[in-house]
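K.L.:
One structure, as structure tokens, below. Some questions next.
The values are calculated or read from the model by the stated rules, or taken from the named source; none is laboratory data. All values derive from a computational prediction rather than experimental measurement. Here the Cβ positions follow ideal geometry from the backbone for every residue, glycine too, while neighbour counts run over all protein chains shown. Ligands, DNA and RNA are stripped out before the accessible areas are found, and what is left, the full protein with its side chains, is counted by its heavy atoms. Shrake-Rupley method; radii C 1.70, N 1.55, O 1.52, S 1.80 Å.
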There are 2 protein chains.
Amino acid sequence: MERTGDVQSVSRALDLLTRLGSSEEGQRLSELARAAGLAVSTVHRLLTTMQQAGFVHFDPARSEWHVGREAFAVGAAYVQRRDFVAPAMVFLRRLRDESRETANLGILEDGQLVTLAQVESREITRAISPPGGRVAATCSAMGKALLATWTDEQIAMFCKQNGFRKLTPNSHRTLASLMADIRTIRKRGFAIDDEEHVAGLRCVAAVASSPQGDAICALSVSGLANRLSAARASPVAGRVVVAAREFAQKIGPR
Amino acid sequence: MERTGDVQSVSRALDLLTRLGSSEEGQRLSELARAAGLAVSTVHRLLTTMQQAGFVHFDPARSEWHVGREAFAVGAAYVQRRDFVAPAMVFLRRLRDESRETANLGILEDGQLVTLAQVESREITRAISPPGGRVAATCSAMGKALLATWTDEQIAMFCKQNGFRKLTPNSHRTLASLMADIRTIRKRGFAIDDEEHVAGLRCVAAVASSPQGDAICALSVSGLANRLSAARASPVAGRVVVAAREFAQKIGPR
DNA sequence: TTCTTCCTTTCCGTATGATGGAAAAAATAT
DNA sequence: ATATTTTTTCCATCATACGGAAAGGAAGAA
């Protein structure tokens with residue numbers, strides 16, 4: 001534990017919640033305690049407290065703990081606040097059907113790209129960045145597309161503060177290389193993540209802007225690089241650009 | 001505070017999270033403290049702790065606190081665990097379009113009906129029971145439809161334990177009246193909530209069952225009673241029954 | 001400007017309440 | 001039936017969460 005002004009029990013409880021949320025299966029008490037490095041009695045007390053509040057749920061039959069109803073209800077508020085998510089779904093679905101790949105919607109929050117919604121490919125794939133997931137903006141097609149709407153000074157400032165995450169050999173690692181990419185993005189109207197986030201994964205993205213010109217969010221299509229080849233990327237990008245423009249028109253005049 | 005074995009700070013933190021989740025707007029620190037009945041310094045410490053974990057987010061420009069990204073990510077896990085939610089959406093949408101009313105999907109959890117997904121009517125209406133919301137099973141069409149798949153003994157036991165919530169004058173208040181309703185539901189294959197949950201609201205529901213015959217979830221259509229009249233309820237119910245059956249077939253053979 | 005007022009953030013001494021070990025109870029395996 | 005593992009309860013200790021108070025900011029009025 002660091003010497004922060006944090007409330008220990010709350011940090012621990014949220015850590016448990018996150019662990020429950022990131023594993024598909026339910027978790028047993030003792031596993032959880034071992035994984036979190038806490039005493040079983042402590043974990044038990046924290047879990048039952050969260051159970052009272054409905055944030056976790058205990059399945060007595062299997063004696064497993066799950067994420068609870070209230071966590072879902074609270075989390076839903078995060079998306080409901082962004083009233084563009086619901087109307088975007090139809091465009092994401094169309095992109096998925098046109099490309100047979102996974103379609104995503106994301107925004108920048110605190111310099112990271114957060115995936116807000118996703119319509120998964122029907123082919124076999126696990127979601128790399130599930131809803132709620134986040135990535136360094138410079139390693140993401142949606143992130144770069146949104147950054148490209150900023151001024152050069154803002155981008156430079158941002159990079160100075162956040163640096164560059166080198167998630168793969170292809171990730172940008174200098175401001176110069178990023179800015180060259182940004183200029184291309186501005187010129188052609190869409191961004192490409194060419195295995196810059198995860199090796200083997202390619203992604204094309206375009207932003208949807210309000211009539212006033214403010215970027216609202218980004219739409220993207222992502223897929224395995226050998227399926228979403230460099231050759232296929234361009235036509236798919238065209239689809240993404242069109243979808244983003246139509247979506248922007250739909251939500252523009254409200 | 002009661003004399004439970006609860007962890008005070010965690011209960012308080014989750015209470016704050018819930019408050020943030022249930023108000024559309026962001027909340028200021030001092031409002032939150034006043035509403036929760038806690039000292040500002042305490043609330044501030046709890047919020048910054050949750051901020052570290054990404055569960056709440058602070059907007060410095062407006063100095064307002066919001067539900068954070070991680071809460072969304074964890075909540076999403078709740079739905080992802082129920083892998084029938086995504087494939088149900090297309091059926092909910094169809095029901096909405098056929099009926100021009102709101103379509104819902106729900107399950108029973110701990111004896112309460114939890115709404116997991118919803119496709120809202122395009123007419124002006126606010127959702128009475130939003131996703132994540134819960135209702136006493138005996139006051140809900142989906143709840144009664146799911147209860148009807150239980151044995152009479154199980155239902156009697158359930159009612160003995162949970163009693164009857166009398167939310168409106170029409171709510172069931174005796175086992176006899178509920179069981180009469182249950183028998184009708186089993187016979188005709190769908191349930192009706194005739195202003196038993198909220199006055200002025202009618203709802204028709206049917207269950208979707210696995211090939212093994214286990215009830216998985218319920219689908220429903222809900223609307224204002226004067227629009228979803230008694231006369232209209234029957235044909236709409238037919239649609240719901242068909243949608244539930246087709247949905248069950250779709251998810252059955254995986 | 002300078003003086004309000006209101007709100008946020010930090011600090012600190014106190015005693016509350018969270019902690020983990022251990023024992024009891026329950027479930028599961030042998 | 002016995003052994004083993006896991007869950008739940010209890011309790012004495014002291015770490016830590018608490019709230020009052022003061023400092024630090026922001027926004028407006030005079």
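K.L.:
Among (1) within 21 Å of A:Ala13 (Cβ to Cβ); (2) in contact with a Lys or Arg (Cβ under 7 Å, 6 or more places away or on another chain); (3) of a type in the set (Asp, Glu), there is one condition B:Glu70 misses while meeting the rest; what is its number?
P.N.:
Exception for B:Glu70: condition (2).
K.L.:
Take the range B:179-197 and flag every residue that is open to solvent by 30 Å² or more (accessible area, probe 1.4 Å) and either assigned to a strand (DSSP E or B) or basic (Lys, Arg) (or both).
P.N.:
Matches in the range B:179-197: B:Arg183, B:Arg186, B:Lys187, B:Arg188, B:Ile192, B:Asp194.
K.L.:
Given the options B:Ala61, B:Ala71, name the one that is surrounded by fewer than 19 Cβ atoms within 10 Å (Cβ to Cβ) and more than 8 Å from DNA strand C (Cβ to nearest atom). Walk me through how you get there before you give the answer.
P.N.:
Details: B:Ala71 fails: surrounded by fewer than 19 Cβ atoms within 10 Å (Cβ to Cβ).
The conditions single out B:Ala61.
K.L.:
Right, next: Go through (1) within 13 Å of DNA strand C (Cβ to nearest atom); (2) open to solvent by 40 Å² or more (accessible area, probe 1.4 Å) and name the single condition A:Asp83 misses.
P.N.:
So A:Asp83 meets the others, but not (1).
K.L.:
Is there a residue being away from DNA strand D (no atom under 12 Å from the Cβ) and not assigned by TED's automatic domain parsing to the domain that holds A:Ser140 anywhere in the range A:88-95?
P.N.:
Within the range A:88-95, the first condition is being away from DNA strand D (no atom under 12 Å from the Cβ), and the residues that meet it are A:88-95.
Those left that are additionally not assigned by TED's automatic domain parsing to the domain that holds A:Ser140: none.
No; the residues of the range A:88-95 include none that is away from DNA strand D (no atom under 12 Å from the Cβ) and not assigned by TED's automatic domain parsing to the domain that holds A:Ser140.
K.L.:
Would you check which residues across the range A:216-243 are assigned to a strand (DSSP E or B) and open to solvent by less than 40 Å² (accessible area, probe 1.4 Å) and list them? Quick ask: steps written out before the conclusion?
P.N.:
From the range A:216-243, those assigned to a strand (DSSP E or B) are A:216-224; that's our starting set.
Those that are assigned to a strand (DSSP E or B) and open to solvent by less than 40 Å² (accessible area, probe 1.4 Å): A:Cys217, A:Ala218, A:Leu219, A:Ser220, A:Val221, A:Ser222, A:Gly223.
K.L.:
Still on this structure, please answer the following. Please find, within the range A:7-57, the residue that is surrounded by the most Cβ atoms within 10 Å (Cβ to Cβ) out of those that are of a type in the set (Val, Ile, Thr) and either touching a strand residue (DSSP E or B) at 6+ places or on another chain (Cβ under 6 Å) or modelled with pLDDT of 85 or more (or both). I'd like the intermediate steps shown before the answer.
P.N.:
First, pick out the residues of the range A:7-57 that are of a type in the set (Val, Ile, Thr): A:7, A:10, A:18, A:40, A:42-43, A:48-49, A:56.
Next cut, either touching a strand residue (DSSP E or B) at 6+ places or on another chain (Cβ under 6 Å) or modelled with pLDDT of 85 or more (or both) only: A:10, A:18, A:40, A:42-43, A:48-49, A:56.
Values: A:Val10: 26, A:Thr18: 20, A:Val40: 12, A:Thr42: 15, A:Val43: 24, A:Thr48: 16, A:Thr49: 23, A:Val56: 28.
Here the residue is A:Val56.
K.L.:
Is it true that B:Asp152 is of a type in the set (D, E, K, R) and within 12 Å of chain A (Cβ to nearest Cβ)? Even if it seems obvious, please write down each step before you answer.
P.N.:
Details: of a type in the set (D, E, K, R): yes; within 12 Å of chain A (Cβ to nearest Cβ): no.
Considered against the rule, which asks whether it is of a type in the set (D, E, K, R) and within 12 Å of chain A (Cβ to nearest Cβ), B:Asp152 comes out as no.
K.L.:
In addition: Working carefully through the options B:Ala88, B:Ala136, B:Ala103, B:Ala71, find the one that is in contact with a Leu (Cβ under 8 Å, 6 or more places away or on another chain) and at the interface with chain A (Cβ under 10 Å from one of its Cβ atoms).
P.N.:
Values: B:Ala88 fails: at the interface with chain A (Cβ under 10 Å from one of its Cβ atoms); B:Ala136 fails: at the interface with chain A (Cβ under 10 Å from one of its Cβ atoms); B:Ala103 fails: at the interface with chain A (Cβ under 10 Å from one of its Cβ atoms).
None of the others qualify; the one that does is B:Ala71.
K.L.:
Here's another thing I want to ask about it. Cβ-Cβ below 8 Å, separation at least six or inter-chain, first residue in the range B:47-63 and at the interface with another protein chain (Cβ under 7 Å from one of its Cβ atoms) and within 14 Å of DNA strand D (Cβ to nearest atom), second open to solvent by 10 Å² or more (accessible area, probe 1.4 Å) and not in a loop (DSSP other than H, G, I, E, B): which pairs?
P.N.:
B:Thr49/A:Ser11; B:Gln52/A:Ser11; B:Ala53/A:Ser11; B:Ala53/A:Asp15; B:Ala53/A:Thr18; B:Ala53/B:Glu70
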